[in-house]
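Contents: one structure, followed by commentary.
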Amino acid sequence: MQAPLAVGGLLPGLAAWWPTGHIAWLLGALIMIANWPLMYLAIMPANYWLMATDPAAAGPEGRTMIQRSGSLHPMRTVVGLAACIAFLWASLV
């Protein structure tokens, strides 16, 4: 679901930036698509490691990975909020 939403923010942002040339549209579009690398490089490895761990064999490493995963997920929200702020800025100027 995340990929279509990221593209759904990228394409209209680029479409708005092209005729206006306002940098905030481009900035918002690029921030929207920035969720992809964040997901693939930071969040997915932690999730795969957690899913591969047998719950009965989980130890301190598992707890550390859950804490890391828990701190990474809000980063996606922050990135999305930054894109919304850029789009809001572009629409008001």
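What follows draws every value from the coordinates through simple rules; no lab data is involved. The shown structure was predicted, so the numbers you read here are calculated from the model rather than taken from an experiment. Cβ placement follows ideal geometry from the backbone for every residue including glycine, while neighbour counts extend to all protein chains displayed.
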(message) Can you divide the C-alpha Rg of region 2-92 by 2.2 N^0.38 Å and report the result to two decimal places?
(response) 1.40
(message) Residues of region 34-72 with backbone nitrogen within less than 15 Å of a virtual label 7 Å along the Cα-to-Cβ line of LEU81, please, listed as ranges.
(response) 71-72
(request) Compute the FRET efficiency between VAL93 and TRP36 as 1/(1 + (r/R0)^6), taking r as their Cβ-Cβ distance and R0 = 41 Å, and round to the nearest 0.05. (result) 0.90
(message) Over the chain, what is the relative contact order in percent, taking alpha-carbon pairs closer than 8 angstrom and at least six residues apart?
(response) 37 percent
(request) At 7 Å along the Cα-to-beta-carbon direction for both MET44 and ALA58, put a label point, then send me their distance in nm to one decimal. (result) 2.3 nm
